[in-house]
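The values are calculated or read from the model by the stated rules, or taken from the named source; none is laboratory data. On a predicted model such as this, the values are computed, not experimentally measured, just so you know. No Cβ is skipped: glycine too gets one built from the backbone with ideal geometry, and neighbour counts run over all protein chains shown. When the accessible area is computed, the model is the full protein with side chains, heavy atoms only, and any ligands, DNA or RNA have been set aside. Shrake-Rupley method; radii C 1.70, N 1.55, O 1.52, S 1.80 Å.
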Amino acid sequence: MLDKNNRHNQRMQKKKKQIDESIEKASKKKGVLLVLTGNGKGKSSSAFGMVARALGHGMKVGVCQFIKSRTDTGEEAFFNVHPNINWHVLGDGFTWDTQNRQQDIDTSIKGWAIAVKMLQDPYYDLVVLDEMTYLLKYKYLDESEVLEKIADRPYMQHVVITGRGASKKLIDQADTVAEIADVKHAYRSGIQAQKGIDL
Ligand code: ATP
Ligand code: MG
């Protein structure tokens, strides 16, 4: 037993040394670009988790919700009353609801202009561009312009982009990328979207 405890202590000492070394190596301070993509559930919810973290630290947050048109979500009701957040719902709904490509393009361009203001304003410590990948995927916006504006943002500003099908260029530019896999979703067994879970 004593032997087992000793071995555990030795292993943990070695591990602590490795972890301390890697923490010391990661010494850069800089705004990061995060991309949360994939077909599984949890991309936007994860982004809003970071919004909560940032607000908790007294940081200033901007949120642009593309595609979505609903303003009755729990996240908006909860966060939009906070003095340090600026929240915009910039979509007309899903493409299969609007059924009007030119309208979708015009809406995207107008929404993007609001996002650009945030990306040029050092007031914002964190900017969330929720469902932004679709604007690139459907070519509603010029990808190289979008990537350029993101690259030119204030040095310490963090940006989170969510949505399925993130492009290779966006992934290459990002500092952190997570792809959420779709293992199962309640919707497919006939369970409707639930308040507090899905909206
Ligand atoms: P969430 O906002 O719950 O974090 P998400 O941002 O990862 O989800 P979206 O594609 O933006 O995913 O989906 C928005 C809505 O669709 C949510 O209500 C979510 O529960 C639901 N959804 C997400 N993934 C799936 C899926 N694989 N199948 C069915 N519905 C899904
Ligand atoms: Mg989402």
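Given the criterion touching a residue at least 12 places away in the same chain (Cβ under 8 Å) and either loosely packed, with under 11 Cβ neighbours inside 10 Å or more than 16 Å from ligand 2 (Cβ to nearest atom) (or both), identify the matching residue among Ile191, Ile105.
Matching residue, one of Ile191, Ile105: Ile105.
Any residue at all in the stretch 176-188 that's farther than 16 Å from Lys41 by Cα, in contact with a helix residue (DSSP H, G or I) (Cβ under 6 Å, 6 or more places away or on another chain) and either more than 16 Å from ligand 2 (Cβ to nearest atom) or among the acidic types (Asp, Glu) (or both)?
no
Just to be sure I understand, how many residues within the stretch 17-35 are touching a helix residue (DSSP H, G or I) at 6+ places or on another chain (Cβ under 7 Å) and open to solvent by 70 Å² or more (accessible area, probe 1.4 Å)?
0
Which residues, taken from the stretch 111-135, are closer than 12 Å to Ile67 by Cα and either of a type outside the set (Ser, Thr, Tyr) or free of Cβ contacts under 8 Å to residues at least 24 places away in the same chain (or both)?
Matches in the stretch 111-135: Gly111, Trp112, Leu129, Asp130, Glu131, Met132, Leu135.
With the structure loaded, tell me whether Val81 is part of a strand (DSSP E or B), among the hydrophobic types (A, V, I, L, M, F, W, C) and either open to solvent by 70 Å² or more (accessible area, probe 1.4 Å) or within 22 Å of Arg153 (Cβ to Cβ) (or both) or whether it fails that test.
Answer is no for this residue.
Table: residues versus (1) surrounded by 10 or more Cβ atoms within 10 Å (Cβ to Cβ); (2) more than 16 Å from Thr176 (Cα to Cα).
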| site | (1), (2) |
| --- | --- |
| Lys4 | no, yes |
| Arg7 | yes, yes |
| Lys15 | yes, yes |
| Thr37 | yes, no |
| Ser46 | yes, no |
| Gly49 | yes, no |
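Quick one: in the stretch 20-75, of everything that is in contact with a Ser or Thr (Cβ under 8 Å, 6 or more places away or on another chain) and away from ligand 2 (no atom under 11 Å from the Cβ), which residue is farthest from Thr133 (Cα to Cα)?
Val32
Restrict the check to the stretch 153-164 and report whether at least one residue is touching a residue at least 12 places away in the same chain (Cβ under 8 Å), away from ligand 2 (no atom under 16 Å from the Cβ), surrounded by 21 or more Cβ atoms within 10 Å (Cβ to Cβ) and closer than 21 Å to Phe79 by Cα.
Yes, the conditions are met somewhere in the stretch 153-164.
Of the numbered conditions (1) among the charged types (D, E, K, R); (2) out of contact with any helix residue (DSSP H, G or I) (no Cβ under 6 Å at 6 or more places or on another chain); (3) within 15 Å of ligand 2 (Cβ to nearest atom), Asp130 fails exactly one; give the number of that condition.
Against the list (1) among the charged types (D, E, K, R); (2) out of contact with any helix residue (DSSP H, G or I) (no Cβ under 6 Å at 6 or more places or on another chain); (3) within 15 Å of ligand 2 (Cβ to nearest atom), Asp130 comes up short only on (2).
Exactly one of these conditions fails for Phe78: (1) more than 15 Å from the chain's Cα centre (by Cα); (2) within 14 Å of ligand 2 (Cβ to nearest atom). Give me its number.
(2)
Of everything in the stretch 131-140 that's within 19 Å of Leu36 (Cβ to Cβ) and of a type outside the set (Phe, Trp, Tyr), which residue is surrounded by the most Cβ atoms within 10 Å (Cβ to Cβ)?
It comes out as Met132.
Determine which single condition Gly56 fails, assuming it passes every other condition in (1) of a type in the set (Gly, Ala, Ser); (2) closer than 19 Å to Val177 by Cα; (3) within 19 Å of the chain's Cα centre (by Cα); (4) surrounded by fewer than 10 Cβ atoms within 10 Å (Cβ to Cβ).
Condition (2) is where Gly56 drops out.
What helices (runs of 4 or more DSSP H) completely inside the stretch 94-150 contain at least 1 residues that are of a type outside the set (S, T, N, Q) and at pLDDT 95 or above?
Qualifying helices (runs of 4 or more DSSP H): 101-119, 133-137.
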